Amino acid sequence: MAKKIQPAMTTRERAKRRLLNATLKTPHTLLIQYDNTSNGYDEEKVEEMRDQYGVNYITRRKKVSLLKRLWDAFVNPFTVVLFALTIISLLSRDIPAVVIVLTMVLISGLLRFVQEQRSGSAAERLSEMVETTAAVMRRDEDSDVSEKREIPLDEIVVGDIIHLAAGDIIPADVRFLRVKDLFISQSSLTGESEPVEKFAEEILGKPKNPLELNNLAFMGSTVISGSATALVIAVGDSTELGGVASQLQEKTPPTSFEKGVSSVSWVLIRFMLVMVPIVLFVNGFTKGDWFEAFLFALSVAVGLTPEMLPMIVSANLAKGAVSMSKKQVIVKELNSIQNFGAMNILCTDKTGTLTQDKIILEYHLDVHGNSDVRVLRHAFLNSYYQTGLKNLMDISIIDRAKEEGVAAYEDRYQKTDEIPFDFTRRRMSVVVTDKHDKTQMITKGAIEEMLSISAYVEYGGAVTPMTDELRREVLEACNKYNSDGLRVLGIAQKTIPSHAKAFSVTDESDMVLIGYLAFLDPPKDSAADAIAALSEYGVDVKVLTGDNDAVTKSVCKQVGLNAGNILLGSDVETMGDEQLKAAVEKTTVFAKLSPKQKARIVTTLRENGHTVGYMGDGINDAAAMRAADVGISVDTAVDIAKESANIILMEKDLMVLEQGVIEGRKIYANIIKYIKMTASSNFGNMFSVLAASAFLPFLPMLPIQLLLLNLIYDLSCTAIPWDNVDKEFLAAPRKWNASSIGKFMLWIGPTSSVFDITTYLLMYFIICPLVSGGLMFREITDPATQAYFIAVFQAGWFVESMWSQTLVIHMIRTPKIPFIQSYASMPVILLTMTGIAALTVIPFTRLGSAIGLAALPPVFFAYLAATILLYMMLVTGFKKLFIRRYGELL
C-alpha cells in the first residue's frame with residue numbers, strides 16, 4: 001500500500017515545534033543548539049540566522065495598498081446609493097445626470113482620500129521618531145568584545161539573547177534562560193487578566209500548547225515586574241502573535257461619536273428611500289408623464305443623499321491630525337482627537353508628566369538628618385546593579401555618585417542576586433559581595449515600607465535597635481521634606497551569610513536602616529499654564545499618583561491644583577463602587593495608588609458619565625490609559641505606555657494638551673454643522689417638493705437642474721472642515737447628542753419650506769405672468785409661451801434654492817448673527833459666495849438655456865432680496881428660540 005504523503009510543515013508549524021522542543025531543554029543545551037554563547041552573536045551570524053529564520057516583522061503591519069485606500073475613500077453607503085442611481089440614469093439614457101452624479105462622487109472621494117493621505121503621512125513621519133528597542137547581547141567580530149546593545153525590534157533574530165526588565169514589551173517568542181521574580185502580562189494573547197509568573201526550568205512530559213508553558217513568553221506580552229534573560233526562538237510571522245494577526249486586525253469598537261454619525265447616516269438614507277417613491281407617484285399621477293416623474297424622483301434621491309458626510313467627517317479628523325503633527329504630536333487613532341474635544345476630565349500621573357523628566361538628588365542623609373556619603377554609596381550599589389527598569393531616581397543617584405567619586409565602588413563589588421521592584425512592596429533589593437567575601441543585601445524604597453522592615457538603625461558606625469522615638473524622628477523629617485516638595489526614599493542594608501545563594505521577599509526583614517535620600521522633582525515649566533488653560537476649557541485635571549501624599553500636595557500647589565482633599569490608595573481599597581463614585585467627584589488628588597486602583601478610578605469616572613483622558617509615562621499607567629477614553633503618553637515613556645496610548649507627545653510642552661482639546665472641539669463643531677444643515681435641509685425639502693409636486697401643473701425643477709444645484713451646493717460645503725468655530729463653543733466639552741439633531745431638524749427644517757413655498761407663489765402668480773404677457777399658466781395656449789413660463793419659474797426656484805441653502809450654512813454655523821458677530825473662514829466665504837454667484841448667472845448663459853432655464857427679470861432680484869432677508873430673520877428667530885429651549889444650537 002502506498003505510503004501517505006504528509007503535507008510540508010508551514011513556517012508557523014516549524015516555529016511551534018521549536019518552541020515546544022525548547023521547553024524541554026536546559027538553557028546550556030539550547031545555547032549549543034542555536035550556536036550561541038552568553039556573549040551573543042556577531043553580525044555575520046546575525047545575517048545567517050535572519051536568512052534562515054526570517055525577519056522579526058509581522059506582515060499584518062504592512063501599509064494599506066493604494067487601491068484599498070482609494071476603495072475606502074470612494075465606497076460608503078452614500079456612494080453606493082449614488083452609484084445605483086447612476087446605473088439607473090444610464091439605463092434611462094440620462095447622460096447629463098450620470099456625469100453630474102459621478103462628479104459628486106469623484107469630488108467627495110478625492111477630497112477624503114487626499115486628507116487621509118496627508119494625515120497618514122504626517123503621523124508616519126513622526127512615528128519614525130518613536131522607536132521601540134530591546135536589549136540584546138551582541139559581539140563585535142573584530143575586537144571580540146561582547147556588549148548589551150539597544151537595537152530596534154526588527155533587527156532581532158532567532159538565537160539572540162535578550163535582557164528583559166519591568167516595562168519591556170516581549171519582542172519575539174522566547175524561552176527563558178534566567179529569571180528573577182518575573183511576572184508577565186499576556187492578556188493580549190490569552191485573555192488572562194492577571195500577570196503570569198515565569199520560570200527558567202525545563203518542562204517535564206510532552207507539552208502541547210505553548211501558551212500554557214511557564215518558561216516561554218510571546219511577542220506583544222509585557223513584563224510587569226522582575227527581570228530575565230531569554231533566548232529568541234521565533235520571530236515575525238512565525239510567532240504566536242503572527243499566527244493570530246488576522247484576529248488582531250479587528251477594528252476597535254466604534255466610539256459613541258462614530259455610532260452617532262452612522263445612525264444619522266442611515267436615518268437620512270431611509271428618509272430618502274421613503275421620500276422618493278412618494279415624489280414619484282405624486283408627480284406621476286398629477287403630471288401624467290411617468291418617465292419625467294421617474295427622472296425627477298431620481299434627482300430628488302440624489303439631493304436627499306448626504307454624499308459629502310463621509311468626506312466631511314474624514315477631512316475634519318485628518319485635518320486635526322495634520323494640525324497636531326505640526327505641534328509634534330502623534331495621533332495614533334484619528335477618532336481620539338474627537339474624544340479629546342469631548343474630554344471633561346484629564347487624569348494624569350505626576351512624575352515625568354506634570355514634573356520634569358529629570359529628578360535631582362538633593363540630599364543623602366543618615367537617620368538623624370546629617371549628610372552621609374555612606375548612604376549615597378549604598379544607594380549607588382542598589383541602583384547600579386539592579387537589572388529592572390531604571391527610573392529617574394536611579395539615574396539621579398548614579399549621576400550624583402559619579403560626581404562625588406562614589407561610582408568607583410562598582411569595581412569592588414559583584415552582584416549576587418536581586419529582588420525586583422513591585423508596586424505592592426514599593427521597594428527593591430540587590431545582593432552584592434565584596435572582595436573579602438562579605439555579602440550584603442541593600443534595599444531601597446518608600447520610607448514607610450523601609451521602616452516597616454527595619455529592626456535596627458545604624459548611626460556613627462554603631463548599630464542599635466529601632467525605637468518608636470527614632471521611627472517618629474525619621475518620619476517627621478521625611479514629612480518635612482515631602483511638604484517642601486521633595487521625594488524621600490529610605491536605604492537599608494544587612495549582612496548575609498556568604499553561603500546563601502537564592503533570595504526572596506521574605507529575606508527583606510530585620511534590615512538596618514542607614515538613612516534616606518531626598519529628591520527634588522520640580523514641575524514642568526508649562527504644567528501650571530496647561531492646567532489653567534484646560535480649566536478655562538472646562539476640563540478638570542485630577543492627579544493619580546503612586547507617590548506619597550505630602551510630595552503630591554506640594555507639587556499640586558505649585559501647578560495650581562487644589563490638594564486640600566487627598567484620597568489615598570488605602571482608602572480606595574476599602575471603598576465599594578457606590579462610595580467611590582461619590583468620592584471621585586469631590587477629589588482632585590489621589591496618592592499612593594497601585595496601577596489597578598488608577599484604572600478603577602478612571603473606569604468609575606467614565607461610569608459617572610464623564611469623558612476621561614489619562615496621561616502617563618510609566619508601566620503603572622498602562623492599565624489606566626487603556627481604561628480611559630483617550631490615552632496620552634510622551635516619547636520618553638516606557639514601551640507599554642506608548643503602546644497603550646492613543647496620542648503621543650513628542651515634546652515636553654504640556655500646552656499642546658490645550659491645542660488637542662481645541663482641535664477636538666473644532667472637529668466636532670464642523671461635523672455637527674454639516675449634519676444639522678443636511679438633516680434640517682432635507683426635512684424642509686421634503687415639504688417643498690411634496691407641495692410643488694401636489695399643486696404645480698409642471699415639475700418645479702427639471703432633474704438636470706436639480707442635480708446641477710446639488711453639485712454646486714456640495715462644492716460649497718467642501719470648505720466646512722476649515723471653518724472657524726466660535727470661542728464660546730470651544731469653551732465647554734462636547735459629547736455626541738443624537739436627540740439634539742432630531743430636535744434641530746424639526747425646528748429649523750420647516751423654515752426653508754416656508755420661503756420655498758412663497759417663492760412658488762411669487763413665481764407662479766407674479767413673476768412668470770409678468771414675463772408672459774400678463775397671463776396665468778392655465779390661460780396660456782401657446783406651447784412656446786408655456787415652456788418659457790416654466791423655464792422662468794424653474795430658474796427662479798433654482799436661484800432661490802441656492803441662495804437659501806447656501807446662506808443657511810452661515811446661519812446655522814453659529815448662534816450669533818452671521819457676518820456681523822461671527823465670521824466664517826475665508827475658504828467657506830469664498831466657496832459659498834462663488835457657488836451663489838455661479839448659480840445665479842447660469843440662467844443667463846447658454847448652459848442655462850441648454851438645461852431648460854430662462855433669464856430672470858430684474859424685478860425677481862428685488863423679491864429675492866426681500867425673501868432672503870425675511871428667511872434669515874426667521875431662522876435667526878428660530879435659532880434664539882431653540883437655544884432658549886435647549887441651551888445650545890450645535
Filtering region 441-485 down to residues that are without any contact (Cβ under 8 Å) to a residue 60 or more places away in the chain and assigned to a strand (DSSP E or B), which residue is farthest from Arg427 (Cα to Cα)? Ala462
Looking at region 317-326, can you tell me whether even one residue there is open to solvent by 10 Å² or more (accessible area, probe 1.4 Å), modelled with pLDDT of 70 or more and not in a helix (DSSP H, G or I)? yes
Could you go through region 459-470 and let me know if any residue there is within 18 Å of Leu376 (Cβ to Cβ), buried (at least 18 other Cβ atoms within 10 Å of the Cβ) and in contact with a strand residue (DSSP E or B) (Cβ under 9 Å, 6 or more places away or on another chain). no
Close pairs from region 815-839: first touching a residue at least 60 places away in the same chain (Cβ under 8 Å), partner outside any helix (DSSP H, G or I) and open to solvent by 60 Å² or more (accessible area, probe 1.4 Å), Cβ under 6 Å, at least 6 apart: Ser825/Asn724
For region 610-661, which residues satisfy the criterion of being open to solvent by 10 Å² or more (accessible area, probe 1.4 Å), part of a helix (DSSP H, G or I), modelled with pLDDT of 75 or more and farther than 16 Å from Ala527 by Cβ? Ala623, Arg626, Ala627
Near pairs, Cβ below 7 angstrom, 6+ apart or cross-chain, from region 28-50 (under 18 Å from Arg18 (Cα atoms)) to any residue that is assigned to a helix (DSSP H, G or I) and open to solvent by less than 70 Å² (accessible area, probe 1.4 Å): Leu30/Ala22
Return the pairs, sorted by first residue and then second, in which the second residue is at pLDDT 80 or above and among the acidic types (Asp, Glu), the first residue lies in region 517-530 and is more than 23 Å from Cys478 (Cα to Cα), the beta carbons are less than 8 Å apart, and the residues are 6+ apart or on different chains. Ala530/Glu658
Has region 495-514 got any residue that is farther than 30 Å from Lys435 by Cβ, open to solvent by less than 40 Å² (accessible area, probe 1.4 Å) and in contact (Cβ under 8 Å) with a residue 60 or more places away in the chain? no
Restricting region 773-819 to residues that are open to solvent by less than 40 Å² (accessible area, probe 1.4 Å), in contact with a Leu (Cβ under 7 Å, 6 or more places away or on another chain) and of a type outside the set (Gly, Ala, Ser), which is nearest to Leu869 (Cα to Cα)? Glu800
When only residues in region 494-540 that are in contact with a Ser or Thr (Cβ under 6 Å, 6 or more places away or on another chain) and part of a strand (DSSP E or B) count, which is modelled with the lowest pLDDT? Pro523
With (1) touching a residue at least 60 places away in the same chain (Cβ under 8 Å); (2) touching a helix residue (DSSP H, G or I) at 6+ places or on another chain (Cβ under 8 Å) as the list, and Phe789 as the residue in question, which single condition is left unmet? (1)
Val828 in a helix (DSSP H, G or I) and open to solvent by 70 Å² or more (accessible area, probe 1.4 Å): no
Can you tell me how many residues in region 755-772 are under 55 Å from the mean Cα position of the chain (by Cα) and surrounded by 18 or more Cβ atoms within 10 Å (Cβ to Cβ)? 6
What's the number of the condition Ala679 fails, among (1) of a type in the set (Gly, Ala, Ser); (2) open to solvent by less than 10 Å² (accessible area, probe 1.4 Å); (3) touching a Ser or Thr at 6+ places or on another chain (Cβ under 8 Å); (4) more than 18 Å from Ala838 (Cα to Cα)? (3)
For the subset of region 700-734 comprising residues that are assigned to a loop (DSSP other than H, G, I, E, B) and touching a Ser or Thr at 6+ places or on another chain (Cβ under 6 Å), which member is surrounded by the most Cβ atoms within 10 Å (Cβ to Cβ)? Asp723
Might you let me know whether region 867-877 holds any residue that is open to solvent by less than 30 Å² (accessible area, probe 1.4 Å), more than 29 Å from Thr814 (Cβ to Cβ) and either touching a helix residue (DSSP H, G or I) at 6+ places or on another chain (Cβ under 8 Å) or not in a helix (DSSP H, G or I) (or both)? no
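The values are calculated or read from the model by the stated rules, or taken from the named source; none is laboratory data. What you see is a predicted model; the values in this text were computed from it and never measured. Don't worry about glycine lacking a Cβ; one is built from the backbone with ideal geometry, like all the others, and counts go over all protein chains shown. Surface areas here come from the heavy atoms of the whole protein model, side chains and all, with no ligands, DNA or RNA. Shrake-Rupley method; radii C 1.70, N 1.55, O 1.52, S 1.80 Å.
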